[in-house]
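This report concerns only the one structure given below.
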Amino acid sequence: MNVTGEPSFRESVDMMFRRATALMDLGPGLQEKIRVCNSTYTVRFGVRLRGKIETFVGYRSVHSEHMEPVKGGIRFSLGVNQDEVEALAALMTYKCALVETPFGGSKGGLCVDPRAWDEKELEQITRRFAYELIKRDLIHPAQNVPAPDMGTGEREMAWIADQYARMNTTDINAKACVTGKPPHAGGIQGRVEATGRGVQYALREFFRYPEDVAKAQLSGGLAGKRVVVQGLGNVGYHAAKFLSEEDGCKIIAVIERDGAIVDEAGVEIEALRQWMNDHDGHLAEYPKGKHVANGASVLESDCDILIPAALEGVINLGNAARITAPLIIEAANGPVTFGADEILRKKGCVIIPDMYANAGGVTVSYFEWVKNLSHIRFGRMQRRQEESRHQLLVNELERLSADKGLGWTLSPGFKEGYLRGAGELELVRSGLDDTMRGAYQAMREIWHSRPEVEDLRVAAYIVSISRIAATYKSKGL
């Protein structure tokens with residue numbers, strides 16, 4: 001417990017875990033086996049940079065090996081610490097079980113500010129960190145498969161994959177040692193957008209059920225809903241972009257490190273993102289909308305949906321009572337602390353929990369891992385065959401129309417759309433949509449069928465823990 005009275009991130013995850021297991025019929029021994037983190041490896045290594053040796057500290061935590069490989073991102077941040085990495089590894093275990101990807105949970109982090117080093121220097125640092133993990137099988141296609149997280153992306157994953165291949169020259173599955181790679185280096189279409197896309201699909205699924213929407217004191221569909229997004233990184237950007245461009249949501253505020261942009265007419269996400277790219281990540285002088293220097297205060301704005309998409313703990317005991325959003329979807333990991341969760345639930349706020357809401361990343365990572373192991377891109381075998389079958393049907397319809405003088409004409413764009421076989425991106429999005437629907441329905445069944453389950457977070461934990469417990473029992477535990 002820290003000085004503010006808040007539990008640590010790790011303690012918060014454990015407390016949420018215990019809220020769920022109190023409603024389950026699990027023996028204390030099995031509960032403890034599922035809860036505890038199996039192992040955490042700490043590495044300290046030196047890299048010669050700018051004429052001197054710099055020492056870096058990194059972590060790789062394995063929470064559960066009920067299924068292997070274990071899966072979880074690597075983040076680069078000066079705030080990385082063992083407690084955070086272990087909490088994130090635990091969330092990965094529960095997340096993978098919830099969306100039925102066949103992985104255990106893991107997480108990694110390196111205490112480094114990636115903006116403090118140029119690209120070549122960052123490559124040296126990343127490769128040395130990867131080397132330390134690879135030689136201990138903490139990066140391995142069959143044992144431990146990292147992915148991007150805060151401060152890392154396709155570039156860093158490509159470096160890690162190449163480092164693994166250099167150290168394992170005869171491993172035919174070397175590319176599967178890490179996911180989130182660029183497509184030209186063994187990645188998959190749709191991985192960069194995956195977590196933000198998953199947030200969109202999660203909201204779409206929630207809004208398919210009027211009774212669930214009513215629990216959040218809302219009505220209707222997504223169109224016209226007023227949204228506040230905290231964090232315009234990869235996840236927040238894609239979620240905001242898709243929700244505004246495809247679902248008719250109005251992004252009325254975007255919160256970043258140096259304040260917030262508020263615009264009741266709707267923030268143009270693409271324009272703001274371009275501005276930030278051109279101004280070293282700053283939005284303070286963005287010419288459209290109103291700049292609010294105290295960005296945290298904008299979390300308390302009147303809106304329909306609040307999307308915290310950056311760091312953990314941004315909604316806490318200090319501000320939870322002033323949060324007015326009736327629906328919060330946790331695009332980040334752990335943005336609502338345990339204490340804040342209690343306050344918000346009592347106010348009637350519905351929270352779509354992180355272990356479900358941001359599972360798009362690990363879901364598409366699973367597709368990439370499968371692609372790497374199968375050594376063939378999705379759609380390559382069946383796409384043209386699908387198109388040929390569709391062409392037969394269209395030809396027959398057109399023949400019948402001509403022969404019988406029916407005067408049928410196909411709607412504009414129908415023929416082109418129907419004839420086009422699904423490529424890799426379409427298949428990835430389809431698989432992600434199906435996964436998010438299935439996971440929500442599993443949570444929802446618990447939420448609605450058991451009166452003692454008050455919220456989606458406990459429902460998500462119950463679904464996940466039940467599946468993990470079943471796996472351990474099948475192993476003889």
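Derivation of every value follows stated rules applied to the coordinates shown; laboratory data play no part. This is a predicted model, so every value here is computed, not measured. Glycine also receives a Cβ, built like all others from the backbone with ideal geometry; neighbour counts cover every protein chain displayed.
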_Counting only other residues whose beta carbon sits under 10 Å from that of Gly187, what net charge do I get with K and R as +1, D and E as -1?_
+2
_Residue by residue through region 446-457, what is 3J(HN,Hα) from phi via Karplus (6.51 cos²θ - 1.76 cosθ + 1.60, θ = phi - 60°)? Round to whole Hz and write x for glycine and proline._
5, 4, 8, 8, 10, x, 6, 8, 8, 8, 5, 5
*Express in whole angstrom the spacing between the alpha-carbon centres of region 118-183 and region 187-250.*
31 Å
_In region 371-458, the GluC sites (Glu not before Pro) that fall in loop regions by DSSP, at most 10 other Cβ within 10 Å_ = Glu452
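Only counting other Cβ atoms within 10 Å, I'd like Met150, Met167, Met92, Met67 sorted with the fewest neighbours first. Kindly include the intermediate steps, with their values, before the conclusion.
Numbers: Met150 23, Met167 15, Met92 29, Met67 18.
The fewest-first ordering by Cβ neighbours comes to Met167, Met67, Met150, Met92.
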*When only C-alpha pairs under 8 Å and at least 6 residues apart count, what is the relative contact order of region 9-185, in percent?*
20 percent
*Quick one: grab the alpha carbon gyration tensor of the chain, order the square roots of its eigenvalues as a ≥ b ≥ c, and give me rounded if a/c is under 1.5, else prolate or oblate depending on whether a/b is larger than b/c.*
rounded
*Toward the positive end of the charge dipole of the chain, about the Cα centre and with charges on Cβ (Lys, Arg +1; Asp, Glu -1), which of Val199, Leu432, Thr337 goes farthest?*
Leu432
*Name the residues whose placed amide hydrogens come within less than 5 Å of the amide hydrogen of Ala284, ignoring near sequence neighbours (fewer than 5 apart) on the same chain.*
none
*Scan around Asn144 for amide H atoms under 5 Å from its own, H built in the peptide plane at 1.01 Å from N, and keep only partners 5 or more places away or cross-chain.*
Val70
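Relative contact order for the chain: what is it in percent, counting Cα pairs under 8 Å that are at least 6 residues apart?
On the way: 903 pairs, mean separation 72.1, N = 477.
After rounding, I find 15 percent.
If you keep only loop residues by DSSP, which trypsin sites (Lys or Arg not before Pro) in region 1-84 have at most 13 other Cβ atoms within 10 Å of their Cβ?
Details: sites: Arg10, Arg18, Arg19, Lys33, Arg35, Arg44, Arg48, Arg50, Lys52, Arg60, Lys71, Arg75; in loops: Arg50.
Filter output for region 1-84: Arg50.
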*Mean 1/r over all different Cα pairs, inverted: what Kirkwood radius does region 1-148 give, in Å?*
16.4 Å
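What does the helix-only formula give at 222 nm for the chain: each DSSP H stretch with n ≥ 4 adding -39500 (n - 2.57), the total divided by the residues, and the result rounded to the nearest 500 deg cm²/dmol?
So the helix-based figure for the chain works out to -14000 deg cm²/dmol.
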*Work out from phi, with θ = phi - 60° and the Karplus expression 6.51 cos²θ - 1.76 cosθ + 1.60, the ³J(HN,Hα) of each residue of region 146-163, listed in order in whole Hz, and give x for Gly and Pro.*
x, 7, x, 8, 4, x, 10, x, 4, 4, 5, 5, 5, 4, 5, 4, 5, 5
*What net charge do the residues around Ala422 carry, taking every other residue with its C-beta under 15 Å from that of Ala422, with Lys and Arg at +1 and Asp and Glu at -1?*
+1
_Phi-based couplings in Hz for region 108-122 (Karplus 6.51, -1.76, 1.60; Gly and Pro marked x)_ = x, x, 10, 6, 7, 9, x, 7, 7, 10, 6, 4, 5, 5, 5
*Name the residues whose placed amide hydrogens come within less than 5 Å of the amide hydrogen of Arg420, ignoring near sequence neighbours (fewer than 5 apart) on the same chain.*
none
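With only Lys, Arg, Asp and Glu charged, each at its Cβ (+1 for the first two, -1 for the last two), find how big the charge dipole of region 1-76 is about the Cα centre; round to the nearest 20 debye.
It comes to approximately 520 debye.
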